[in-house]
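Reading through the structure tokens given below for one structure.
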């Protein structure tokens, strides 16, 4: 039976399938602790999660870890060359096996020294020789799905989930169109941000440029907004300006690269944004990580042909870190405060017939995926 807070309430207007006729999700979806808990199983434990980059697990023995709420996951590069994913937990007493990234010939638990092969098999367990009915084969690490997509490593806790490539047909081609060198990139830098808002506020904000003219003066000077369009496609959406602006602008100065465009960005359900800026080859990923009903951690990872940014890319990174991100974080934190107001519950999606740069249809697309995942009955 649907929880009362997932049904249309007496003060709610309907959320419907037609963006231009729909009200937004009610404010409780951005504040309610029970909804936040439901999202773990309904959204994050069954969808593809960005874990790192293939260059971090390029050689046998390399491993990386990632955290999906309270689930720690390890990705290993086995001696046979295969990447595998496992729950990062010893099968003896549940101790976490490893932290961060690194290289190891085996995975050894720091608690009782149970040792695992890189393919997850239990190799050694002290003082178990001769134990009755003890079989190492019964204590292998529990596996999760792993997929490499455009050089990025994703994991999925749902063993029956369709592959990321299958669910995002067209996305890989789009990324390679604007970033042909993506396979040659390595990790360059990470920025981390603490944001006092629900994770969905940050996703909503990325998915529209209705606010860009009023809030992002430098971004509007960098990107040709007349050609900026958002297109929704399954579990992702694209946000692209194909017309190049002047290389001299208030955001940062750049020289035109091999691909001449204004800006390319994508949102990948449920919590990843991908950015390609004009000029020299680059790609960055901003992962939106829920950390409570009203708190979010963001990791902004940059990938370049080498680990050292050029002057142009350094300036782009500074612009993103010191200008664009603070602008967006300030907006989202103000929205979160407003969502607590007794004077607000829902708004309307602003959608024009041309689906211009001012249209919020991609926000509706995201909120509909949230409602569907939670099996909310809001119509």
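Taken over the alpha carbons of the range 166-373 as equal point scatterers, the Debye sum produces base-10 log I(q)/I(0) values at 0.11, 0.16, 0.17 Å⁻¹ of -0.50, -1.13, -1.29.
Using 19 Å as the cut-off for backbone N distance, which residues of the range 278-322 belong to the label zone defined by a point 7 Å from the Cα of residue 192 along Cα→Cβ? The answer is 285-303, 321-322, whose backbone nitrogens lie closer than 19 Å to the label point. For the chain, the relative contact order works out to 21 percent when only alpha carbon pairs closer than 8 Å and six or more residues apart are counted. Size estimate for the range 114-253 follows the Kirkwood approach: the inverse of mean 1/r over distinct Cα pairs works out to 20.1 Å. Shown here are the Rg and Dmax of the Cα trace of the range 296-357, at 17.6, 51 Å. Within the range 49-160, the percentage of alpha carbon pairs spaced more than 22 angstrom apart rounds to 29%. Fewest neighbouring Cβ atoms within 10 Å first, the residues 118, 8 line up as 8, 118. Measure out, as a whole number of angstrom, how far apart the alpha-carbon centroids of the range 309-379 and the range 42-97 sit. Comparing the Cα centres of the range 309-379 and the range 42-97, I get a distance of 30 Å. Model label points for residue 226 and residue 12, set 7 angstrom from Cα along the Cα-to-Cβ axis, are 4.3 nm apart.
Cβ-Cβ distance of residue 161 and residue 92, R₀ of 22 Å, FRET efficiency by 1/(1 + (r/R0)^6): the value works out to about 0.15. For the range 1-88, the square roots of the Cα gyration tensor eigenvalues, ordered a ≥ b ≥ c, give a/c of at least 1.5 with a/b greater than b/c, which places it in the prolate category.
When the P(r) of the range 242-317 is calculated, the portion above 20 Å amounts to 38% of the C-alpha pairs. Put in order of Cβ neighbour count within 10 Å, fewest first, the listed residues 255, 147, 208 become 255, 147, 208.
By the count of other C-beta atoms within 10 Å, a proxy for reagent exposure, 191, 77, 112, 364 are ordered fewest to most as 112, 191, 77, 364. Note on the chain: Rg/Rh from Cα positions, Kirkwood definition for Rh, rounded to two decimals, is 1.00. Our estimate of slack between residue 169 and residue 40, defined as 0.36 nm per intervening residue step minus the Cα-Cα distance, is 43.9 nm.
The alpha carbon gyration tensor of the range 1-46 gives principal lengths a ≥ b ≥ c with a/c of 1.5 or higher and a/b greater than b/c, which makes the shape prolate. Calculated [222 nm] ellipticity per residue, helices only, for the chain: -5500 deg cm²/dmol; basis is -39500 (n - 2.57) per DSSP H run with n ≥ 4, divided by all residues, nearest 500.
Listed peptides 268-278, 162-172, 217-227, 9-19 appear in the order 268-278, 217-227, 162-172, 9-19 once ranked by packing, highest mean of other Cβ atoms within 10 Å at the front.
A short reminder: the numbers here are calculations on the coordinates, not readings from a lab. Computed from a prediction, not measured in an experiment: that's the story for all the values here. Using ideal geometry, Cβ is built from the backbone for each residue, glycine included, and neighbour counts are taken over all protein chains shown.
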